[in-house]
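The values are calculated or read from the model by the stated rules, or taken from the named source; none is laboratory data. Keep in mind that this is a model prediction, so the values were computed, not measured. Note that we place each Cβ from the backbone using ideal geometry, even for glycine, and neighbour counts take in every protein chain shown. Accessible surface areas use protein heavy atoms only, side chains included; no ligands, DNA or RNA. Shrake-Rupley method; radii C 1.70, N 1.55, O 1.52, S 1.80 Å.
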Amino acid sequence: MIFKEGAPLYATEVERKQGEDTLYVNFLNASFVPNIADNPDVMARTIDFLLENPGLSRVVFVQQRNYHYPFEQISLLMEIARVYHYMTKQENILSLAKLNFFGNMQEAYAELSNFLLLMKRDPLECYLQLKRKAGSIRSEINRGQAMEGRENYALFLERLIGMLEQTKLVKNFSSRISDYGSTRAVYYTIFRPDILPNFTFTRLVTQLPPGAELIDQYEVVAEGDSINVTILRKKDDTKYFYHIMPPEYSLSEEQHVLLNLARNVIIEHRPKAEEFTDPEKTRQVFFNVSRDLLSELATSKGIALSHRDLGKLARILVRYTIGFGLIEILLADTRLQDIVINAPIALTPVFVRHEKYDECTTNIIPSFEDAESWAAKLRLQSGRPLDEANPVLDTDLVFSSGRARIAAIKEPLSPSGLAYALRRHRDNPWTLPLFIKAKMLNSFAAGLLSFIIDGNRTLLVAGTRSSGKTSLLGSLMLEIIPKVRIITVEDTLELPIDALRKLGNDILRMKVRSALVSTTSEVEAAEGIRTSLRLGDSALIIGEVRSEEAKALYEAMRVGALANVVAGTIHGDSPYGVFDRVVNDLGVPATSFKATDIIVVANPIKTPDGMHSVRRIISVTEVRKHWTQDPLQEGGFVDLLRYNVEKDELEPTSELINGESEVIKSIAGNVKGWAGNWNAVYDNIILRGRIKQEIVDVALKFNKPLLMEAEFNALSNNVFHRISDKLGETADSEVVFIEWKKWLYETMKEF
């Protein structure tokens, strides 16, 4: 809240931040709702404020709700204010010297005083009356009945009319008066403020864009509250428009009063860093405190609240005190993948990437105040700095409505101030069947990757940003036999560890220092990887290979080869791109790179119209060991699967089909009955793929989407291994499939 209790009515305060001047006007004690369109006194006062502060970008009327008038609307009144200023200050039309030219000085003074007053209270009506008066005087002149000076008076009024006609308000809207019946009715179509709760500065444009085409509507549930999402398409705009209406923007005046009173009490608490070590517990404590406080305030104010309303208000209060406001609402939408908040914060809307509609513009315009508040909370929660010396902060957010990785940047890296990018993680881990359904890979590729994971190979998942690297790595972790212990090393917690732990996996998570930070108490990534080697026999999963820890990773690969899976993600758009980054950028010796067995490359593929992209695995490549300097020139990279863009599908290469894969033969060499029996090995890969495909087919056929989720796939993998163990690794694949399928149809009823 800008104004303290007891501030005088109509008190003003101008805030200037990053080139934007915002005028706040106190209406807290007013007996009416401030509205430019409805109230001529409010319109006149607004023009007075603009005369005093001609460089304003926004005007905000502060009451139980904040009424934000954006520049597009305020600029219309700015032009009227300039005409008024010219007439009163430069022309000084009420001076005796000026009035002396207009004939009847007393009559001219009264009329011009009225026009000036009306210009501020109702400029369109002023324009109409000026035209009528000028026309009347012209008629007198034409009839020869005009007094001396009336010609001068008519010329002056016509000049004033001409000045008003140059303003956008008169030029664009004076012709509409007959359609609406009155000038004030026209104003309702022009001056439509964004109405915000008093406890947030982030603006929400509540009106739908005029003329936009309705594309889709659905509901999002956030902490028990239903929220409407509307997808629209504006004419000549390549982006869709994402319009959301959270519950806090449709509260009654009494509920706003309670929230404002409660918030003033809650914000007196200064949270300590230790309170953010367990955000979920902290939120529950604050929720209980908020609910009790709101209940007491409602009783003291004589406001009736149902149990449901009390819970809703408490959730809103928590969201806008210790929480992240509208960011939490957006994260509740499972269809969103990315949320982007660009600098300068208050001048650009939030953008989101939708799983169906790609990049969308939203109706949310964040504020500097909220952006600064988010930064402070991120520093406390992560224990990492965000300042001029460390202008980048990478961390994670976890709410009941969703979890996300968030990157924040500020000056000097971002000269326009704070900016944020959030990557929303899927609530449940991705699985290979889900990727098959999404066509990121096919069933054969899923079978091959499952086989490679079981074979304990070293593997890098490469790709550009938003290619699905981390999601794919998480799905491959599900393929690791649960009896194998897993150690993960991440600088930002993105892998689905909690979900895997609930499925019974033995997992130890380690969080290390970000490569972009050098001043925290966190352990360096390289030391974390080396420590993992001293923690017993385990599969090692690296969230992302970014910096000097690559050397430690390859040390782990060489030590852990043929024992357990070592896997991670890395940026790169091809196998050679990965080699170039690891060797030339990260300083790993070229010969050490041979410890990599498999490189999986995932990249977005553009659609022909250029407006959409789909995620696809474009290659699965093995790294051979005979080369010395350059694996590309010396045949060190051999594709096992290659993406066919015409068929939109991964296809096995001749090297894989003909049994020339050294990695696959190496895996087979450790299994009794497979050494030298390529057909048995190939059949096992196909069998694994058939199982994944059958899960997808049955899930779609019987409308059982849970069959493609992690819980069922963990069960399926366990059953597959038990059947294979019972029948022997070299058992006929058809017999294994029939046994597994029998289990599938017996178990699917439970999902």
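Quick look at the values:
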item	result
Pairs where the first residue, in segment 19-43, is on the phi > 0 side of the Ramachandran plot and the second is in a loop (DSSP other than H, G, I, E, B), C-beta under 9 Å, 6+ apart	G19/S57; G19/P344; G19/S416
Test: residue in segment 694-705 that is within 22 Å of R457 (Cα to Cα), of a type in the set (G, A, S) and either at pLDDT 95 or above or surrounded by 16 or more Cβ atoms within 10 Å (Cβ to Cβ) (or both)	no
Qualifying positions in segment 660-693 - open to solvent by 10 Å² or more (accessible area, probe 1.4 Å) and small (G, A, S)	S666, G669, G673, A675, G676, A680
Single residue of S466, S475 found to be assigned to a loop (DSSP other than H, G, I, E, B) and either closer than 25 Å to V681 by Cα or among the small types (G, A, S) (or both)	S466
Answer residue from segment 644-659, given it is open to solvent by less than 40 Å² (accessible area, probe 1.4 Å) and not polar (S, T, N, Q) and is farthest from V583 (Cα to Cα) among those	G659
Subset of segment 148-184 (residues that are among the small types (G, A, S), in a helix (DSSP H, G or I), open to solvent by less than 40 Å² (accessible area, probe 1.4 Å) and modelled with pLDDT under 90)	A154, S174
Qualifying residues in segment 625-643 (those that are open to solvent by 100 Å² or more (accessible area, probe 1.4 Å) and more than 34 Å from the chain's Cα centre (by Cα)) - the one nearest to F444 (Cα to Cα)	L632
Within segment 199-256, tally of residues that are open to solvent by less than 40 Å² (accessible area, probe 1.4 Å), more than 15 Å from H354 (Cα to Cα) and acidic (D, E)	2
Selection count where residues are of a type in the set (A, V, I, L, M), more than 18 Å from V523 (Cα to Cα) and modelled with pLDDT under 80, scope segment 545-566	5
Within segment 390-429, considering residues that are in a loop (DSSP other than H, G, I, E, B) and touching a Leu at 6+ places or on another chain (Cβ under 7 Å), the one most open to solvent (accessible area, probe 1.4 Å)	K410
Residue that is over 30 Å from L422 (Cβ atoms) and open to solvent by less than 10 Å² (accessible area, probe 1.4 Å), where the choices are L473, L459, L448	L448
Index of the failed condition, K437 passing every other in (1) out of contact with any helix residue (DSSP H, G or I) (no Cβ under 6 Å at 6 or more places or on another chain); (2) surrounded by fewer than 19 Cβ atoms within 10 Å (Cβ to Cβ)	(1)
Residue list for segment 220-238, restricted to those being more than 18 Å from G402 (Cβ to Cβ), among the charged types (D, E, K, R) and out of contact with any Pro (no Cβ under 8 Å at 6 or more places or on another chain)	R233, K235, D236, D237
Tally, over segment 1-21, of residues that are open to solvent by less than 60 Å² (accessible area, probe 1.4 Å) and at pLDDT 90 or above	1
First in segment 523-550 and open to solvent by 40 Å² or more (accessible area, probe 1.4 Å), second anywhere and at pLDDT below 75 and among the β-branched types (V, I, T), Cβ under 9 Å, 6 or more apart	L533/V559
Qualifying residue in segment 685-693 (condition: within 26 Å of T569 (Cβ to Cβ), small (G, A, S) and at pLDDT 95 or above)	yes
Set F61, F71, F101: member being open to solvent by less than 30 Å² (accessible area, probe 1.4 Å) and of a type outside the set (D, E)	F61
Segment 658-680, residues that are free of Cβ contacts under 8 Å to residues at least 24 places away in the same chain and aliphatic (A, V, I, L, M)	A668, A675
Contacts under 6 angstrom Cβ, first residue in segment 168-183 being without any contact (Cβ under 8 Å) to a residue 12 or more places away in the chain, partner surrounded by 14 or more Cβ atoms within 10 Å (Cβ to Cβ) and part of a helix (DSSP H, G or I), 6 or more apart	Y180/V186
From the options A81, A110, residue that is surrounded by 17 or more Cβ atoms within 10 Å (Cβ to Cβ) and either free of Cβ contacts under 8 Å to residues at least 12 places away in the same chain or part of a helix (DSSP H, G or I) (or both)	A81
Top-ranked residue in segment 380-389 [being open to solvent by 50 Å² or more (accessible area, probe 1.4 Å) and modelled with pLDDT of 85 or more; ranked as nearest to A404 (Cα to Cα)]	D387
Selection count where residues are over 17 Å from N717 (Cα atoms), within 29 Å of the chain's Cα centre (by Cα) and open to solvent by 30 Å² or more (accessible area, probe 1.4 Å), scope segment 483-508	2
Flag if S716 is at pLDDT below 90, crowded, with 16+ Cβ neighbours inside 10 Å and part of a helix (DSSP H, G or I)	no
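Per-residue answers, yes or no, for (1) outside any loop (DSSP other than H, G, I, E, B); (2) surrounded by 15 or more Cβ atoms within 10 Å (Cβ to Cβ):
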site: L23; (1), (2): yes, yes
site: A37; (1), (2): no, yes
site: D41; (1), (2): yes, no
site: A44; (1), (2): yes, yes
site: L50; (1), (2): yes, yes
site: L56; (1), (2): no, yes
